[in-house]
1. Taking Ile49, is it surrounded by 15 or more Cβ atoms within 10 Å (Cβ to Cβ) and either under 30 Å from Val118 (Cα atoms) or touching a Lys or Arg at 6+ places or on another chain (Cβ under 7 Å) (or both)?
2. Does at least one position in the range 19-33 carry a residue that is modelled with pLDDT under 80 and farther than 22 Å from Pro81 by Cα?
3. Could you look through the range 52-80, keep only residues that are under 26 Å from Ile19 (Cα atoms) and charged (D, E, K, R), and pick out the one that is surrounded by the fewest Cβ atoms within 10 Å (Cβ to Cβ)?
4. Restricting attention to the range 4-35, report how many residues are within 26 Å of Ile119 (Cβ to Cβ), part of a helix (DSSP H, G or I) and either in contact with an Asp or Glu (Cβ under 9 Å, 6 or more places away or on another chain) or without any contact (Cβ under 8 Å) to a residue 40 or more places away in the chain (or both).
5. Please specify each residue of the range 15-31 satisfying the condition of being closer than 18 Å to Phe52 by Cα, surrounded by 12 or more Cβ atoms within 10 Å (Cβ to Cβ) and of a type outside the set (A, V, I, L, M).
6. If you take the residues of the range 94-124 that are without any contact (Cβ under 8 Å) to a residue 60 or more places away in the chain and either of a type in the set (S, T, N, Q) or not in a helix (DSSP H, G or I) (or both), which of them is surrounded by the fewest Cβ atoms within 10 Å (Cβ to Cβ)?
7. State yes or no: is Leu38 surrounded by fewer than 16 Cβ atoms within 10 Å (Cβ to Cβ) and part of a helix (DSSP H, G or I)?
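The values are calculated or read from the model by the stated rules, or taken from the named source; none is laboratory data. Predicted model only: the values in this text are computed from it and were never measured. All Cβ positions, glycine included, derive from the backbone under ideal geometry; neighbour counts span all protein chains shown.
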Amino acid sequence: MGALNEFLQTKGIYTLVMILFFLGVYGMVLSKNYMKKLMAMNVMQVAVIFFFLCLGQKEGGMIPIFDPNIPHAASYINPLPHCLMLTAIVVSLGTTGVAIALLMRIKEVYGSVEEVEVIRRASK
């Protein structure tokens, strides 16, 4: 039991991120509703963002603001993953907005966002 507790304390967040990611994959593969597929895609994006943010952390790291009392750069956490994930969040919001606009258009043209129904009506 002690080994499990130690693993969860040190690497448990990665397990949760993997569960979140594969939950998104599961939703993308098995859902037949385009809106649900979009939500599952967003869950996957959040899992990837969490993963990279967790990689950017380190034990005892300081925020990357220059302090003359801290002489070594190794004392700071790496700010690059945080900057990249901020960009990823903006891109995610943009793609979600475009996807919702497309789903609205699909609903308008085909009367449904169910995959089977849209394919059936599009083949006529």
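1. It is false that Ile49 is surrounded by 15 or more Cβ atoms within 10 Å (Cβ to Cβ) and either under 30 Å from Val118 (Cα atoms) or touching a Lys or Arg at 6+ places or on another chain (Cβ under 7 Å) (or both).
2. no
3. Per the stated criteria, the residue is Glu59.
4. Residues meeting the conditions: 9.
5. Phe21, Phe22, Gly24 - these are the residues of the range 15-31 that are closer than 18 Å to Phe52 by Cα, surrounded by 12 or more Cβ atoms within 10 Å (Cβ to Cβ) and of a type outside the set (A, V, I, L, M).
6. First, pick out the residues of the range 94-124 that are without any contact (Cβ under 8 Å) to a residue 60 or more places away in the chain: 94-98, 101-102, 104-105, 107-112, 117, 119-124.
Then drop every residue that is not either of a type in the set (S, T, N, Q) or not in a helix (DSSP H, G or I) (or both), which leaves 95-96, 111-112, 123-124.
Details: Thr95: 14, Thr96: 15, Gly111: 11, Ser112: 15, Ser123: 6, Lys124: 4.
Per the criteria, the residue is Lys124.
7. No, not satisfied.
Table: residues versus (1) of a type outside the set (A, V, I, L, M); (2) under 27 Å from Thr15 (Cα atoms); (3) in contact with a Lys or Arg (Cβ under 7 Å, 6 or more places away or on another chain).
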site	(1), (2), (3)
Ala40	no, yes, no
Gln57	yes, yes, no
Gly60	yes, yes, no
Ile70	no, no, no
Asn78	yes, yes, no
Met85	no, yes, no
Gly97	yes, no, no
